[in-house]
Amino acid sequence: METRLPRMKAALIGVLAVGSALAVGHLVAAFVGIGASPYLAVANSTVDLSPQWLTEFGKQFGPEWDKRLLFIAIAVTIAVLAVLAGLLSRRSPVPGTVIAVVLGVVSIAAVLFRPDLGQLAVLAPAASLLVGLGVFRWLHGLATRQARAESADAGADKEIDRRRFLISSGGVAAGVGVAAVGGQFLGSGGDAEKSRRALGSITAARRAPAIPAGADFASVGTPSFITPNDRFYRIDTALTVPSLRAEDWKLRIHGLVDTEVEYDFDDIRGRELVERVITMTCVSNEVGGPYISTAAFTGVYLRDLLMEAGVKPEAGQVFATSVDGWTTATPVADMLSEERGALLAIGMNGEPLPLEHGFPARIVVPGLYGYVSATKWVIDLELIRDGEKTFYWQDRKWAKEAPIKTQSRIDAPRSFQSFPPGKVSIAGIAWAQTTGVERVEVRLDGGQWREAELSTEANDQTWRMWKLDVDLTAGAHRAEVRATDRSGYTQVEERVPPIPDGATGWHSVNFTVG
């Protein structure tokens, strides 16, 4: 008589086997590179291979939730495959074995193609595959013996087999938890955070000018002029924050240079550090979007480092690589510009860079969208001919060059907010990095443009706040804003999405009075 496992038991075997595989892979990855964890490697490959529309859709949920949603989606997919592997193996372990091998091969391929992992990293998915297969075949064998004993009504043997399966399943579940927690603890970046804390404060020898009084209108709804580190926007492709200690960090400058050079963290911190207050903007920002922040960055001028290497005349771009393999390219002229003052930053608002913002070091080039100017966890700068290589976002149809467009945003009132009759303060921010904001105008209900009051300017590389106080009658109202920079350019009304080189259009809000 044919032996068939109960559905629930078969599904449980599939889930325990896959859980064991992932947990052991995660544990081994803690020793060979946490990015080699099969789960993380597949997730990172999913990010790299996702179509542009899906990537942009994910960004709408914010820099944390887009990653969480991806993790949840992959977890659900793996769980479904695990259950399916078990259910298809009720009569024979062969279908589940095939599914396990396919999943293992996929995770091995994902690790092999990661640019930030060494050869030993393949040990993690290999261990994952072997353990997953072993657990699946073992539990399936125990369950099959129990099923045969029950069908034969084998009395004592039936009870022994039932207990053996329960104890074995419980042991596997406990092992999964221990391995997963151990891998997470060992690979969580604790050493990097410890290294960061040991640095103390990051103090510049040449401080930026003090932020002038009246630099923001936070009392009526604008952001504070300096964005606290924990509120500074974050956009990157890193599903897990790279864990790199300051004492292990090195920056290599090579390519079209006279002399290849390499710096470690002490080399950089031992120089005369400069502080610059800079507003950074993400190209993914929709009109009125949140991805803009300002901080006081501390570091050294990239111009000085590049000049020490000796930039050859034919060099047109600086090709930057992050420790996680992410790449971008910045025009050499922008890196060398004394006016822009591009930094290799190691500090942010008086403390070492937070891990999620690039610790130990990152690039900050004012006036360019972050995807070509703000490499976090940077470890390599290669001088190349213009267009010699393509970079991460260029391969996904973003523009090669990305000067920040003059834009403005309304922060108060919020959309659909209601006010009592009387004075209403309309306020927000405008930015035109390296050019400077000349004026901001507000239009109410399609009427005439009115010039807003501007906050005191800190420098031309930072945002500028504005406000306009108006008396409005009861009813629904609509406010629109536009900015004009010092070159004479005024924002256009036409709405253009962020792809490929930044959004345009007037931001507007609807609100009511009375």
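The values are calculated or read from the model by the stated rules, or taken from the named source; none is laboratory data. Please read all numbers here as calculations on a predicted model, not as lab measurements. Here Cβ is always computed from backbone atoms with ideal geometry, including for glycine, and neighbour counts include all displayed protein chains.
Within region 195-248, the set of residues being in contact with a Leu (Cβ under 8 Å, 6 or more places away or on another chain), crowded, with 16+ Cβ neighbours inside 10 Å and not assigned by TED's automatic domain parsing to the domain that holds Lys376 comprises Arg196, Ile202, Ala204.
Is it true that Arg252 is farther than 20 Å from Val332 by Cα and either touching a residue at least 40 places away in the same chain (Cβ under 8 Å) or not assigned by TED's automatic domain parsing to the domain that holds Met348 (or both)? So Arg252 does not fit the description; no. Restricting attention to region 435-453, the residues being within 33 Å of the chain's Cα centre (by Cα) and either hydrophobic (A, V, I, L, M, F, W, C) or surrounded by fewer than 17 Cβ atoms within 10 Å (Cβ to Cβ) (or both) number 2.
All of (1) of a type in the set (Gly, Ala, Ser); (2) touching a residue at least 24 places away in the same chain (Cβ under 8 Å); (3) within 20 Å of Asn349 (Cα to Cα) hold for Gly270 with one exception: (2). The set of residues in region 378-403 that are in a loop (DSSP other than H, G, I, E, B), farther than 27 Å from Val300 by Cβ and not polar (S, T, N, Q) comprises Gly387, Lys397, Trp398, Ala399. Within the span defined as region 349-365, every residue fails to be in contact with a His (Cβ under 9 Å, 6 or more places away or on another chain), surrounded by 22 or more Cβ atoms within 10 Å (Cβ to Cβ), in the same structural domain as Lys312 (by TED's automatic domain parsing) and of a type outside the set (Phe, Trp, Tyr).
Please find, within region 404-431, the residue that is nearest to the chain's Cα centre (by Cα) out of those that are part of a loop (DSSP other than H, G, I, E, B) and crowded, with 17+ Cβ neighbours inside 10 Å. If you could, list the steps in order and put the result at the bottom.
We begin by selecting, within region 404-431, every residue part of a loop (DSSP other than H, G, I, E, B); these are 404-406, 413-417, 420-421.
After this cut, where a residue has to be crowded, with 17+ Cβ neighbours inside 10 Å as well, the list is 404-406, 413.
Numbers: Ile404: 20, Lys405: 22, Thr406: 25, Pro413: 30 Å.
Only one residue fits best here, namely Ile404.
Restricting attention to region 100-140, the residues that are in a helix (DSSP H, G or I), among the small types (Gly, Ala, Ser) and at pLDDT below 85 add up to 2.
Looking at region 416-453 only, could you name the residues that are of a type in the set (A, V, I, L, M, F, W, C) and free of Cβ contacts under 8 Å to residues at least 40 places away in the same chain? Walk me through how you get there before you give the answer.
First, the residues of region 416-453 that are of a type in the set (A, V, I, L, M, F, W, C): 416, 419, 424, 426-427, 429-432, 437, 440, 442, 444, 449, 452.
The answer is Val442, Leu444, Trp449, Ala452.
Residues that are out of contact with any helix residue (DSSP H, G or I) (no Cβ under 7 Å at 6 or more places or on another chain) and not hydrophobic (A, V, I, L, M, F, W, C) within region 138-151 comprise Gly141, Thr144, Arg148, Ser151, listed in sequence order. Taking strands (runs of 3 or more DSSP E) as the structural unit, those lying wholly within region 211-295 and holding at least 1 residues that are of a type in the set (Ser, Thr, Tyr) and modelled with pLDDT of 95 or more correspond to 261-264, 274-281.
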